[in-house]
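Take a look at the structure below.
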Amino acid sequence: MNYHQLTENERYQIYSLLKEGFNQKQISDNLKRSPSTISRETKRNSGLRGYRPKQAQAISDHRRVSAYKHFKLSEEVVEWMERLIRQELSPQQVVDYLKKHKGIDLHHETIYQWIYADKAEGGDLYTHLRIASKPYRKLYGHYDRRGKLRNRVDIDERPNIVDRRSRIGDWEGDTVMGKGRKSALLTMVERKTLYTIIVRLTGKQSDLLADAAIAAMVELKDRIKTITLDNGLEFAEHERIADALEANIYFAHPYASWERGISENTNGLIRQYFPKGTDFNEVSDEDIKKVMDKLNDRLRKTRACRSPNELFMGLRKDLLAAQIR
């Protein structure tokens, strides 16, 4: 069997499992990797503060690039690369396609360097990248072109008790975008009970989101200890939210959606009622409340067939009370 290097996603999974107390064998079973791979990874790519996925990826990438022998691109390979890029494939997708169908093993860094060399010579290949107008910057692990949130606190600093879901008060927050990204919903989900708050946003600006989050949750602030968010710039006023709700706010790693798995799953449930393409400017607050009530009344198998309303609010609804006509 050929060895395939660990991906960045796998490194974040290793970190999360280590935090939850999994041992080397359990981690290897979870990732379907050999125990020796996990052992080698944690020994070679740990720093002074122990194993950190971002640091591990940077160490691994630096080691690989340092040892990487430049592959001379033939005219035929260049032609294939150009044809694939013009079909809007990303450099990583080009690498994967050429490896699978042509047996050629390239690094995505090689593709990026070639594209920007073409740009310097007046070529237009760079316009076929998904974010063509942004300047290229070499990053280890991934290409993060999003803005940075000021004073964000990384999820690595979040108390371990949040992972165990043993208490009420730890929330996950996210947005559900509407048609053309011109409208949105704010969703907040309590991790232990799955109690959900949905608010229609009147705009995408961070100040409007902060106002909406505070108004929707201030009455519950005695039951809010932490909130975990993604890295969208709509959360730029996270410090104001934290102050108003007297809560600690943490941010997941970029592109690590599993760290907010409960929020992602809840957004999927919301999409059953508001499919992609919905313009939330045309949806009433009453309709949104109906969906919120449906989710909070829904029995959850993962919560012993109890509803979020029962677990969070102490409210139990008799689903057979209403007479069927």
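The values are calculated or read from the model by the stated rules, or taken from the named source; none is laboratory data. Every value quoted in this text rests on a predicted model; they were computed, and no experiment measured them. Every residue, glycine as well, gets a Cβ built from its backbone with ideal geometry; the counts of neighbours run over all protein chains shown.
Evaluating T175 against the criteria (1) assigned to a strand (DSSP E or B); (2) surrounded by fewer than 17 Cβ atoms within 10 Å (Cβ to Cβ) leaves one unmet condition, (2).
Please work out which residue is surrounded by the most Cβ atoms within 10 Å (Cβ to Cβ), limiting yourself to region 249-303 and to residues that are under 15 Å from L186 (Cα atoms) and under 13 Å from the mean Cα position of the chain (by Cα). By that ranking, first place goes to S263. Does at least one position in region 119-129 carry a residue that is at pLDDT 85 or above and loosely packed, with under 10 Cβ neighbours inside 10 Å? Scanning region 119-129 turns up no residue that is at pLDDT 85 or above and loosely packed, with under 10 Cβ neighbours inside 10 Å. Between a residue in region 262-278 that is in the same structural domain as T302 (by TED's automatic domain parsing) and any residue that is of a type in the set (D, E, K, R) and part of a helix (DSSP H, G or I), which pairs come within a Cβ distance under 6 Å, given they are 6 or more apart or on different chains? Partner pairs satisfying both residue conditions: G277/K179. Is it the case, given these coordinates, that E310 is more than 26 Å from the chain's Cα centre (by Cα) and either of a type in the set (A, V, I, L, M, F, W, C) or in a helix (DSSP H, G or I) (or both)? Yes: the conditions hold for E310.
Taken over region 83-103, residues that are surrounded by 17 or more Cβ atoms within 10 Å (Cβ to Cβ) and assigned to a helix (DSSP H, G or I) amount to 6. Filtering region 240-248 for residues that are within 18 Å of S183 (Cβ to Cβ), in the same structural domain as D170 (by TED's automatic domain parsing), crowded, with 16+ Cβ neighbours inside 10 Å and free of Cβ contacts under 8 Å to residues at least 60 places away in the same chain leaves an empty set.
Filtered by the rule that a residue be closer than 28 Å to D279 by Cβ and either charged (D, E, K, R) or free of Cβ contacts under 8 Å to residues at least 12 places away in the same chain (or both), region 216-239 gives D230, E234, E237.
Would you please name the residue that is modelled with the lowest pLDDT, looking only at residues in region 241-260 that are in a helix (DSSP H, G or I) and within 18 Å of I197 (Cβ to Cβ)? Only one residue tops the list, namely R260. Please determine whether any residue of region 198-215 is assigned to a helix (DSSP H, G or I), surrounded by fewer than 22 Cβ atoms within 10 Å (Cβ to Cβ) and among the β-branched types (V, I, T). The answer is yes; a qualifying residue exists.
Residues in region 261-287 that are of a type outside the set (A, V, I, L, M) and in a loop (DSSP other than H, G, I, E, B) were compared, and the one that is farthest from K221 (Cα to Cα) is G277. Every test in (1) exposed (fewer than 14 other Cβ atoms within 10 Å of the Cβ); (2) modelled with pLDDT of 85 or more; (3) under 24 Å from A256 (Cβ atoms); (4) not aliphatic (A, V, I, L, M) is passed by Q57 save one, and that test is (1). For region 187-197, a tally of residues being surrounded by fewer than 22 Cβ atoms within 10 Å (Cβ to Cβ) and aliphatic (A, V, I, L, M) returns 1. Applying the set (1) over 26 Å from L149 (Cβ atoms); (2) in contact with a Pro (Cβ under 6 Å, 6 or more places away or on another chain); (3) among the polar types (S, T, N, Q) to N231 leaves exactly one unmet item: (1).
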